[in-house]
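The values are calculated or read from the model by the stated rules, or taken from the named source; none is laboratory data. Note that the structure is a prediction, hence the values are computed from the model and not measured. Virtual Cβ from ideal backbone geometry, glycine too; neighbours counted across all protein chains shown. All accessible areas refer to the heavy atoms of the entire protein, side chains included, with ligands and DNA or RNA removed. Shrake-Rupley method; radii C 1.70, N 1.55, O 1.52, S 1.80 Å.
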Amino acid sequence: MIFMKNKKPIILTDLVRQQFLPFVRTPSRYIGGEVNQIKKDLNECALKFALCFPDVYEIGMSHTGMAIIYEVLNRQPKIAAERVFLPWLDAQQVMNEKHIPLYSLESKAAVRDFDIVGFSLTNELCYTSVLNALDLAGIPLRSKDRTEEDPIILGGAGMANCCEPVAPFFDMFLLGQAEEAVVELSNFLIENKNLTRKEILKSAAQKFPYIYVPSLYENSFPKIKDAVVEDLDNSIVPEKPIVPFTQAIHERISIEVMRGCPGRCSFCQASFCRRPVRFRKPQRILEIAKKAYATTGFDTIGLLSLSTADYPYLEETISLLNEYFQPRRVGISLPSLRVDVQLKLMPKLATSVRKSGLTIAVEAASERLRKIINKPITNENLFAAVEEAYKNGFENIKLYFMAGLPGETHEDIKAIVKLCYELAMLRKKVCGKTAGINAAVSWFVPKAHTPFGWQSQQSQQYFQQAKETILDEKKRLGARFLNFKFHHIQRSVLESAIGRGDRKIANVIENAYRGGTKFDLWDECFDFQIWLNAFEKAGLDLVQLAARKFEKNDTLPWEHLGGPEKDYLRKQLENTGAENL
Ligand code: SF4
């Protein structure tokens with residue numbers, strides 16, 4: 001049997017129109033055909049590539065990485081890339097009742113008939129939704145059960161660097177930045193279409209250093225390298241972004257100004273895995289923004305990167321964009337900026353950035369703790385930046401904190417409230433009124449490929465206690481102007497256990513899916529009890545796995561999967577002093 005037989009895909013247009021759309025809520029999620037969609041004749045293309053985002057349309061359509069890969073693949077004349085999102089619960093029920101398989105938005109082609117299905121893996125809690133998508137498509141969940149009739153299932157994006165927990169469900173993973181590598185891989189598949197599935201997987205693993213085929217390894221693993229895009233300036237970007245039918249989370253022109261981050265916060269997986277740091281030039285950004293604006297009419301430009309404050313041409317870029325876009329009433333949106341940069345840019349930001357409030361990722365309230373996590377913010381700079389923001393008319397500040405960090409004390413938790421309080425009162429000095437402070441508190445999750453990846457996670461009880469301490473402190477101060485939002489504790493514990501797990505976790509994930517969970521990132525769907533049962537059934541202890549501290553000489557389940565060298569990370573950990581706290 002050969003892998004790609006040029007089989008004609010089943011097109012479900014009539015079935016979808018007559019038997020599906022009239023019976024679902026929000027049908028606009030499922031119709032495709034938006035402005036700037038790219039639709040090719042699937043039968044004329046040598047490779048049919050389904051890009052699957054394991055969440056609903058609104059979430060997937062806001063994912064910049066998927067939009068880039070869509071553009072990159074569709075620029076290849078021989079390749080057709082189509083989008084697939086996970087239908088919401090009501091739609092899934094209709095699909096099950098009427099035997100409608102998962103289909104792509106562009107051609108309404110059955111996903112199972114594509115040659116390759118690529119999943120964007122962005123979070124540990126999207127894995128049951130991946131299984132859900134495979135199930136809806138009629139594709140066996142495990143790689144070992146697939147035949148020549150099934151597409152190749154590829155995993156990519158951030159979680160590919162710690163993919164052992166889902167290794168049995170995927171035929172291959174592409175590690176690192178995919179926009180050039182995915183074209184190389186696709187051309188390889190086209191050139192080798194007469195090979196069997198097994199042969200394809202084996203030769204792809206041999207040929208490409210960034211391809212990981214889990215079924216080839218059991219006990220010893222080769223070191224897989226991350227694919228890297230050297231020239232960000234000339235890399236392909238969506239110049240004609242698709243304009244979503246249903247309101248997406250971010251409806252804007254998203255332009256990546258820099259890839260990577262020069263910062264080395266000890267908990268930050270993205271920074272350690274996306275290297276080296278590369279910049280896009282201001283003129284190129286303006287050019288992309290103009291083209292995207294002309295083809296979409298979006299009224300906001302988002303300048304994206306892990307840490308836009310470290311983008312060396314930020315001021316110049318804002319000026320350039322302002323010159324062209326301010327008369328057109330198009331605003332600029334920036335992610336959280338480092339305080340010293342906010343201070344410098346404040347006059348410009350105050351006029352060009354929408355005044356929804358400034359965002360600062362402080363992470364820890366005390367300078368001592370910030371030193372341990374390697375986050376170089378001083379209180380002096382923080383207060384100066386916030387004061388400047390108030391002087392420029394900002395009324396609200398958003399702060400991000402993380403609790404449960406290595407070396408944290410009870411006093412550090414209380415200090416979160418104290419810091420918020422003092423920053424709110426600072427506005428009195430400027431205009432006589434207190435500011436509104438929105439503080440988001442997340443719980444420390446030790447992540448693979450970071451210096452803190454060896455560290456233990458605090459217990460659920462600890463996090464619960466920290467939450468109560470914060471709320472009690474707020475009450476004690478009578479500070480109604482402080483608004484705290486807390487990340488979900490149980491999800492954070494699952495992230496730690498799954499994200500640093502090995503292949504044994506796959507049984508847990510399958511148990512959880514078969515036990516009835518999916519869309520775990522949605523509050524209305526998340527069911528912790530199902531997860532507890534799933535761990536128990538697999539004979540694994542969730543609490544122990546989440547709190548696991550790895551020893552110096554332990555083999556880490558992710559150490560073969562790209563990322564920085566282990567010794568380097570270990571040194572970084574030792575430099576923080578967190579090991580001895
Ligand atoms: S947390 Fe932000 S500043 Fe720190 S390393 Fe990560 S991206 Fe950079």
Q) Looking at 408, 395, 422, 388, which is the one that is at pLDDT 90 or above, acidic (Asp, Glu) and open to solvent by 40 Å² or more (accessible area, probe 1.4 Å)? A) 422
Q: Mind listing just one residue for me: the one in region 181-196 that is out of contact with any strand residue (DSSP E or B) (no Cβ under 7 Å at 6 or more places or on another chain) and assigned to a helix (DSSP H, G or I) and, of those, most open to solvent (accessible area, probe 1.4 Å)?
A: 191
Q: Please specify each residue of region 206-228 satisfying the condition of being more than 14 Å from residue 178 (Cβ to Cβ) and among the acidic types (Asp, Glu).
A: 218
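If we scan region 51-58, do we find a residue that is under 21 Å from the mean Cα position of the chain (by Cα) and open to solvent by 20 Å² or more (accessible area, probe 1.4 Å)?
Within region 51-58 (the criterion being under 21 Å from the mean Cα position of the chain (by Cα) and open to solvent by 20 Å² or more (accessible area, probe 1.4 Å)), the answer is yes, since at least one residue qualifies.
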**Q.** Failed condition for residue 317, given (1) assigned to a helix (DSSP H, G or I); (2) of a type in the set (Val, Ile, Thr); (3) surrounded by fewer than 19 Cβ atoms within 10 Å (Cβ to Cβ)
**A.** (3)
Q.
For region 145-167, which positions are closer than 12 Å to residue 121 by Cα and in a loop (DSSP other than H, G, I, E, B)?
A. 157, 163
(Q) Among the residues of region 60-76, are any part of a strand (DSSP E or B) and either under 13 Å from residue 151 (Cβ atoms) or open to solvent by 20 Å² or more (accessible area, probe 1.4 Å) (or both)? (A) no
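Return yes or no: is residue 442 closer than 23 Å to residue 548 by Cβ, in the same structural domain as residue 394 (by TED's automatic domain parsing), open to solvent by 10 Å² or more (accessible area, probe 1.4 Å) and in contact with a Lys or Arg (Cβ under 8 Å, 6 or more places away or on another chain)? Walk me through it before giving the result.
Numbers: closer than 23 Å to residue 548 by Cβ: yes; in the same structural domain as residue 394 (by TED's automatic domain parsing): yes; open to solvent by 10 Å² or more (accessible area, probe 1.4 Å): yes; in contact with a Lys or Arg (Cβ under 8 Å, 6 or more places away or on another chain): no.
Taking the combined requirement at face value, the residue does not satisfy it.
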Q.
Within region 124-143, take every residue that is out of contact with any helix residue (DSSP H, G or I) (no Cβ under 7 Å at 6 or more places or on another chain) and surrounded by fewer than 23 Cβ atoms within 10 Å (Cβ to Cβ) and give me the one that is farthest from residue 68 (Cα to Cα).
A. 140
Q.
If I filter region 244-263 down to residues being within 9 Å of the ligand (Cβ to nearest atom) and free of Cβ contacts under 8 Å to residues at least 60 places away in the same chain, which single residue comes out as surrounded by the fewest Cβ atoms within 10 Å (Cβ to Cβ)?
A. 262
Q. Does at least one position in region 27-45 carry a residue that is touching a residue at least 60 places away in the same chain (Cβ under 8 Å), part of a strand (DSSP E or B) and in the same structural domain as residue 179 (by TED's automatic domain parsing)?
A. no
(Q) Suppose the filter is open to solvent by 20 Å² or more (accessible area, probe 1.4 Å), within 21 Å of residue 27 (Cβ to Cβ) and basic (Lys, Arg); does residue 98 pass it? (A) yes
Q: For region 441-449, indicate whether the set of residues that are more than 29 Å from residue 266 (Cβ to Cβ), touching a Gly at 6+ places or on another chain (Cβ under 8 Å) and in contact (Cβ under 8 Å) with a residue 24 or more places away in the chain is non-empty.
A: no
Q | Filtered residues of region 77-93 (kept if open to solvent by 10 Å² or more (accessible area, probe 1.4 Å) and either more than 21 Å from the chain's Cα centre (by Cα) or modelled with pLDDT under 95 (or both)) | A | 77, 78, 89, 90, 93
Q. Just for region 264-304: of the residues that are in a loop (DSSP other than H, G, I, E, B) and of a type in the set (D, E, K, R), which one is farthest from the ligand (Cβ to nearest atom)?
A. 299
